[in-house]
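The values are calculated or read from the model by the stated rules, or taken from the named source; none is laboratory data. Since the model is a prediction, treat every value here as computed from it, not as a measurement. Cβ atoms come from the backbone with ideal geometry, glycine included; neighbour counts cover every protein chain shown.
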Ligand code: HXC
């Protein structure tokens, strides 16, 4: 991360941007850059202490630049009520970043219905709920707006061993194309980014729980550019897409993966070489990470 803004420091001045899943991972990393470029940022997540820490980190001492709210994006009423509070207490959003995700690698036949719903409810339903709650307010008030969703290249290729995530992200890709057409007349843009692997603490644990699981293509030597992406690169693309610099750009999902998708099969195809015993170990390790995270939730 550089210590100075990459673009003009007022690129996002006057913007009020919501980041779902903003307490951890990519959302947390991107937040700081949005603030550095003049935006007011709202972070949503399920763990209050983690959100408070993330807000403190992203604001870097700028009073009032970052706010946070405990929200479960799977629950429409919770989303709509919190969106109303942002509108009333802070003012209308100008942008929404659908970043909240849930994912872990697993053999699909081993998934329980609750596991499927936890992932699809967060990624697909959560992105719809948040987009709908902001979009209907923009339309009612004649305001312009911009929605950006964080997807993966699986929307084009599918990916073995992350089937609920691949299905849900493909649905959000479809929402992006569909709503771009429906809401263009209101000045609302709908886009998405599809980053390749970018290491962040928790997601990395879920996607690389054991040494064996590294045959899934999250490793630098499996990427044509020879490295994984960085949060700063994702932040740069995010800021451009949420800025007024690309007002004519809508309905697109933009891959940023060092050429990975064009060079080989879906991200986790390599895991077909694992044995059931490997998978047993993966499940134990990644479930322990899930449980540790769950223990900190306040909603
Ligand atoms: C198998 C698991 C599991 C695991 C949970 N479950 N973790 N099954 N392996 N590792 C099962 C549980 O046993 C339970 O089913 C069900 O899933 C719901 O679990 P809960 O913990 O109650 O659900 P929830 O609180 O919603 O937690 C969701 C989560 C968790 C998926 C488990 O990971 C999460 O919230 N993650 C948020 C952050 C995240 O994962 N980001 C991913 C970003 S990576 P039963 O039937 O037992 O009750 C990404 C793409 C990366 O999106 C792209 C790389 C290229």
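Computed values, structure above
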{"item": "Verdict on residue 237 being at negative phi, surrounded by fewer than 21 Cβ atoms within 10 Å (Cβ to Cβ) and in a helix (DSSP H, G or I)", "result": "yes"}
{"item": "Options 81, 63; residue that is out of contact with any strand residue (DSSP E or B) (no Cβ under 8 Å at 6 or more places or on another chain), farther than 17 Å from residue 102 by Cα and assigned to a helix (DSSP H, G or I)", "result": "81"}
{"item": "The range 84-101, residues that are in a loop (DSSP other than H, G, I, E, B) and surrounded by 21 or more Cβ atoms within 10 Å (Cβ to Cβ)", "result": "93, 94, 99, 100, 101"}
{"item": "Scan of the range 249-269 for residues that are over 13 Å from residue 228 (Cα atoms), in a loop (DSSP other than H, G, I, E, B) and in contact with a strand residue (DSSP E or B) (Cβ under 9 Å, 6 or more places away or on another chain), ordered by number", "result": "249, 250, 251, 252"}
{"item": "Boolean, residue 168 is within 16 Å of the ligand (Cβ to nearest atom) and either modelled with pLDDT of 95 or more or part of a strand (DSSP E or B) (or both)", "result": "yes"}
{"item": "Members of the range 135-162 found to be part of a helix (DSSP H, G or I) and either over 17 Å from the mean Cα position of the chain (by Cα) or surrounded by fewer than 20 Cβ atoms within 10 Å (Cβ to Cβ) (or both), listed by number", "result": "135, 136, 137, 138, 139, 140, 141, 156, 157"}
{"item": "Tabulated pairs, the range 110-138, first within 30 Å of residue 276 (Cβ to Cβ) and touching a residue at least 40 places away in the same chain (Cβ under 8 Å), second within 7 Å of the ligand (Cβ to nearest atom) and part of a helix (DSSP H, G or I), C-beta under 8 angstrom, 6+ apart or interchain", "result": "110/283; 119/165; 123/165"}
{"item": "Test: residue in the range 103-115 that is surrounded by 16 or more Cβ atoms within 10 Å (Cβ to Cβ), more than 10 Å from the ligand (Cβ to nearest atom) and within 18 Å of the chain's Cα centre (by Cα)", "result": "no"}
